[in-house]
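Undergrad: So that we are looking at the same thing, I have put the structure below in structure tokens.
The values are calculated or read from the model by the stated rules, or taken from the named source; none is laboratory data. A quick note: this is a predicted structure, and the numbers were derived from the prediction, not measured. Note: ideal-geometry Cβ built from the backbone for every residue, glycine included; neighbour counts use all protein chains shown. Ligands, DNA and RNA are excluded from the accessible area calculation, which covers all protein heavy atoms including side chains. Shrake-Rupley method; radii C 1.70, N 1.55, O 1.52, S 1.80 Å.
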Amino acid sequence: MAVMTHARTQATTADYTQLSPTAQAVIDKAMTDADNATDTRTYTASMEFVAIAAGIPLPASRDLAVCSCLTDAGGCGCGAIFDTALPGLVVTAPNDPDCNLSRLQCSGCGHDHPRRIAD
């Protein structure tokens, strides 16, 4: 008799608002570190901390973001943590000088209420 095991699928996104205050603090620090990283090693390590704290795997892009709707004025409060290589994302603000991270809306918010950069 053969026993078949089913592989567990792991979520690839997380909700920042549902995480513990400790996990949120780790993510906040890691995102700041990634934004200010001056080399790939530091940037990737920071993204690994984000993934671990969020309980999701680090995607092949090695790049995660928190939906800008969480903190932007007029945002819906979405706290999605997602792979920045996903389709349908909306850039709400480019990265600041000497910083690495742009502000992004997740694909759901980008579809429902996009807030693109005003030219």
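Undergrad: In a Gaussian network model over the chain where Cα atoms closer than 10 Å are linked, find which of 51, 73, 23 has the largest mean-square fluctuation.
TA: Looking only at 51, 73, 23, the biggest GNM fluctuation is shown by 73.
Undergrad: Measure nothing but the geometry: give the 0 to 90° angle between the long axis through the Cα atoms of 40-54 and the longest principal axis through the Cα atoms of the chain, rounded to 10°.
TA: Helix 40-54 sits roughly 60 degrees off the main axis of the chain.
Undergrad: Net charge around residue 45, counting only other residues with Cβ within less than 11 Å of its Cβ (Lys, Arg = +1; Asp, Glu = -1)?
TA: Local charge sum for residue 45: -1.
Undergrad: Then there's this: To test your reading of the geometry: what angle, between 0 and 90 degrees and rounded to tens, separates the Cα axis of helix 21-36 from the longest principal axis of the chain?
TA: 60
Undergrad: Pull out a ≥ b ≥ c, the square roots of the eigenvalues of the alpha-carbon gyration tensor of the range 57-114, then state rounded if a/c is under 1.5, prolate if not and a/b is larger than b/c, and oblate in the remaining case.
TA: It is oblate, given that a/c is not under 1.5 and a/b is not larger than b/c.
Undergrad: Ignoring any ligand, DNA or RNA, what whole percent of the accessible area of the chain comes from carbon and sulfur when the probe is 1.4 angstrom?
TA: Ligands and nucleic acids excluded, carbon and sulfur give 55 percent.
Undergrad: Suppose we look only past 25 Å in the calculated P(r) of the chain. What percent of the Cα-Cα pairs does that tail hold?
TA: Of the Cα pairs, 24 percent sit more than 25 Å apart.
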